[in-house]
Amino acid sequence: MNMIASMPLSQSELHSDPGAAVSVRNLTRSFGGPAILDQITFSIAPGEFVALLGRSGSGKSTLLRTLAGLDPAPPETLTVPAARAVVFQEPRLLPWKRVWKNVALGLRMPDAKAKALDALAEVELQHRVEAWPLTLSGGEAQRAALARALVREPKLLLLDEPFASLDALTRMRMQALVASLWQAHKPAVLLVTHDVDEALLLADRVLVLIEGKIGIDTQIPLDRPRHASDPGFSTLRTKLLASLGVQG
């Protein structure tokens with residue numbers, strides 16, 4: 001029961017696009033009704049951090065699952081790296097395996113344990129490597145899930161609302177951790193979130209799904225590290241909230 005998306009890709013998907021880590025071309029997704037995604041086209045550059053916003057039911061998770069290979073799509077619509085990993089809202093740790101074994105799950109290499117321990121140290125869980133998942137706090141469990149993704153050295157890291165179930169302080173710590181890990185490893189990142197402030201704090205660029213299409217595609221020209229009090233933050237926040245139908 002492998003919770004990391006690492007499914008085999010077609011030759012079309014494996015083709016290297018020198019200009020983008022991810023390329024989506026005229027992608028349409030429907031499941032017996034109106035299109036959830038309607039002729040979506042966008043790209044993500046190598047090492048770029050992109051946040052995806054949208055109202056509930058706008059197709060955010062559908063798009064992420066498609067990029068992860070969990071919902072197959074016509075190969076001509078996608079170019080994605082073979083090395084990719086997903087962190088979900090729930091940690092999805094196997095309760096009958098120690099923490100380090102959860103991180104090493106699916107690795108086929110003689111030094112799998114050493115790599116798992118290194119990844120756990122990066123997320124500051126070196127003191128919990130032999131713990132059972134059910135003894136972890138919510139933040140610790142999500143850090144273990146993040147370590148499980150990073151140990152695979154993904155070129156594309158997909159984050160599906162990974163902080164949504166955490167309390168406010170733990171969420172802030174996790175946001176800072178993800179920012180530092182991204183700067184260290186530089187995968188392309190797609191973060192699905194409902195939180196406009198989170199998108200502005202973390203992303204290079206924000207996409208907003210509106211009625212099945214990319215309604216907003218905007219760069220975030222703010223220096224890092226970022227704070228809600230930064231000049232320009234409030235203006236961008238108001239713009240993004242308005243695109244979601246919220247008066248900021």
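Rule-based calculations on the coordinates, nothing more; no lab input. Not measured: the values here are computed from a predicted model. So basically every Cβ, Gly included, is an ideal-geometry build from the backbone, and we count neighbours across all protein chains shown.
Summary table
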| read-out | value |
| --- | --- |
| Gained length - S234 relative to E211, 0.36 nm times residue gap less alpha-carbon distance | 5.8 nm |
| Column: log10 I(q)/I(0), Debye, Cα scatterers of segment 121-248, q = 0.10, 0.16, 0.20 Å⁻¹ | -0.36, -0.87, -1.23 |
| Full-stretch length increase - Q219, A45 - with 0.36 nm per residue and alpha-carbon distance subtracted | 61.4 nm |
| Segment 93-152: proportion of alpha-carbon pairs further apart than 14 angstrom, % | 42 percent |
| Potential extension, D197-A121 segment - 0.36 nm per residue separation minus Cα distance | 24.6 nm |
| Estimated dipole of the chain in Debye, rounded to 20 [Cβ of Lys and Arg +1, of Asp and Glu -1, Cα centre] | 460 debye |
| Relative contact order of segment 109-174, pairs being alpha-carbon contacts under 8 Å that are 6 or more residues apart, as % | 34 percent |
| Between segment 164-204 and segment 109-146, the alpha-carbon center distance in angstrom | 19 Å |
| Cα convex hull of the chain, projected area averaged across orientations, nm² | 13.7 nm² |
| Out-of-range pairs (alpha-carbon distance over 28 Å; input K115/K155; K60/K186; K113/K155; K101/K155; K113/K186; K60/K155) | none |
| Dipole of the chain, positive end: most advanced residue of F233, L117, A149 [Cβ charges, Cα centre] | L117 |
| Other-chain or far-sequence residues with amide H under 5 Å of D71's (modelled H) | T66 |
